[in-house]
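Notes follow the structure.
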Amino acid sequence: MSTVTVTFVQQNGEEKTFSDCSVGESLMNIGRDNEVEGILGDCGGSCSCGTCHVYVADEWQAAVGAADEIEEMTIEGVAPETMQPSSRLGCQIILTEAMDGLKVTVAPAEE
Ligand code: FES
């Protein structure tokens, strides 16, 4: 199976890069399994908790694609203060070969 490299920028500014991430894996699973700060995946990836909220850098928007309506509604519901146009839920980003080098910023936790 092919693998890609992804980088998370945590809220404390620290970058965590992981190579050997399997295509077909969710970005949330990568972050949670590697203890990226702020990626908790509380709902197990069912698009309902928002604890996998990330911002996708502009240059990666095309490869990653936009959130669908359900994902957008979840973000609006659980992260109204921190939602941005580049917001995505990591559990809904399934890695493809086109995402090799992907960089996302972990969104701050809602108060
Ligand atoms: S893990 Fe819960 S919304 Fe993504």
(request) Output the residues belonging to the range 20-70 that are at positive phi, without any contact (Cβ under 8 Å) to a residue 12 or more places away in the chain and of a type in the set (Asp, Glu). (result) Glu35
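Would it be correct to say that Ile70 is of a type in the set (A, V, I, L, M) and more than 23 Å from Ser22 (Cβ to Cβ)?
Yes.
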(message) Of all residues being modelled with pLDDT under 95 and of a type in the set (A, V, I, L, M) in the range 23-69, which is nearest to Pro108 (Cα to Cα)? Just the residue, please.
(response) Ala57
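The values are calculated or read from the model by the stated rules, or taken from the named source; none is laboratory data. All of these numbers come straight from a predicted model, not from anything done at the bench. Every residue, glycine as well, gets a Cβ built from its backbone with ideal geometry; the counts of neighbours run over all protein chains shown.
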